[in-house]
1. Rounded to the nearest 500, what is the chain's calculated 222 nm mean residue ellipticity when only DSSP H runs of at least 4 contribute -39500 (n - 2.57) each, over all residues?
2. For region 2-404, give the share of DSSP beta bridges that are antiparallel, in percent and rounded to the nearest 5; count only bridges with both residues there.
3. Taking N as the number of residues in region 102-241, what is its alpha-carbon radius of gyration divided by 2.2 N^0.38 Å?
4. Viscosity 1.306 mPa s, temperature 10 °C: give me the Stokes-Einstein translational D for the chain in µm²/s, with Rh taken as the Kirkwood radius over C-alpha pairs.
5. Tell me the relative contact order for region 75-203 as a rounded percent, counting alpha carbon contacts under 8 Å between residues six or more apart.
6. Only counting other Cβ atoms within 10 Å, I'd like Tyr367, Tyr266 sorted with the fewest neighbours first.
7. What is the sum of charges, Lys and Arg at +1 and Asp and Glu at -1, for the other residues whose Cβ falls under 13 Å from the Cβ of Asn107?
8. When the Kirkwood hydrodynamic radius is evaluated over all pairs of different C-alpha atoms of region 263-417, what value in angstrom, to one decimal, is obtained?
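Values in this text are rule-based calculations from the coordinates and carry no lab data. Please read all numbers here as calculations on a predicted model, not as lab measurements. Cβ atoms come from the backbone with ideal geometry, glycine included; neighbour counts cover every protein chain shown.
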Amino acid sequence: MLHIGSRAETGRLRAPRFVTLLVMCVMTTSLEAKDAGSAPALSGLRIATFNVSLNRDRPDELHEHLATGEHAQIRDIATVLQKIRPDIVLLNEFDYDERSPELLLRNYLQVSQAGEAPLDYSHFFIAASNTGVPSGLDLDRNGRIEGPNDALGFGRFPGQYGMLVLSRFPIERNAVRTFKNFLWRDMPRNLLPPDWHSEAALAILPLSSKSHWDVPIQIAGQQLHLLASHPTPPAFDGPEQRNRRRNHDEIRLWADYVSGNDRANYLIDDQGRKGGLAIDAHFVIAGDLNADPIDGSSWPGAITQLLEHPRVHREAATGTLVPRSEGGRAAALRQGGPNFAHRGDPSLDTGDFSDSPGAVGNLRVDYVLPAAELKVCASGVYWPTEADGPAYSTDHRLVWIDVALAGQGCSPVSSNP
């Protein structure tokens, strides 16, 4: 089940990482990818993704917290959104409840937080997720049919760890495509773990651990497709590596989808429509994709499927316009541990994960990847240094880009106060 809302708008080099950290501490951030605390004001369009960790332990708990208007974590999340002010934003780990988007807007975003101006969105999209939906089968093969690992997507109840899209611009209701029910086995050359799942499991196991959404948005007479997802983490499994393999193939779905033509002919959405995205369609891929291109435990090449895709903007994926922050760099140096063994640039990190021995450390896992033909004006990761910003309230950082559509341009970049 899906719900699309419309509302009256009221506002608006791989050296060891330790060496990299020491060198980069004396470097300045480029104009195109400014420090996390600076959100340039541009004439184009700001698009963001933010894993807000608004998942709860029982189905109605998030709704209850949203209803109060006083929950500290949600107020902190709202503060970040009001500070960065994206025109379109995907929120990951927002428990599915059709009533909750209105409460988030009315009780938190439309109310000033920490002195920031209120923020409102005229339109939103929320839909059911595979998380927590019982499969009735022993998917983790532990001898029991129960618990979150035996759900179609990891979760303690249906809709836990869901998604929400907020937009200042109209969403094309009849053109939305979702791939919640597409079966993993129906992806050609998939990475299903050999001899792990039974035939009964293969007949019901979806590829998407949550869902994959193509949400078309109308902006000044132009259409932009927001491609939203949240693949399963490539961890928490066994030698069969079922989660690691699934993460790779969930990311591959978008690589095939934006390729279109014969590469996407196998895809059938929940509405019964076949194939991928039109080859001339404008798109932005957004979400917590749970895959770092260099460090971490993802399947080799998982995120590279998108970062090096010919239809994805190369500079915004791997070049000078990649979102970055000074805060991520400072955090890796301060926290140490596994971060010193990483080879990736810590200023690109978006997840602040455990730094204990054997843990993964901080990683780049959240992405906003525009189509190659779009003009990218600026980008960033909102990761304040220790002395700045509100409490984090989530282990992820908001990632944003500014793009200019046809007929638009980039105005001079200026930092927010």
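1. Numbers: 9 runs with 75 residues, N = 417.
Per the formula, -5000 deg cm²/dmol.
2. Values: 47 of 60 bridges.
Roughly 80 percent of the beta bridges in region 2-404 run antiparallel, per DSSP.
3. Rg over 2.2 N^0.38 Å, computed on Cα atoms: 1.29.
4. Details: Rh = 21.5 Å.
It diffuses with D of about 74 µm²/s by this estimate.
5. Working: 201 pairs, mean separation 36.1, N = 129.
Computed value for region 75-203: 28 percent relative contact order.
6. Numbers: Tyr367 26, Tyr266 14.
Fewest-to-most ranking of Tyr367, Tyr266: Tyr266, Tyr367.
7. Values: positive: Arg75, Arg99, Arg106; negative: Glu64, Glu70, Glu102, Asp120.
Local charge sum for Asn107: -1.
8. Values: mean 1/r = 0.0585 Å⁻¹.
Evaluated on region 263-417, it is 17.1 Å.
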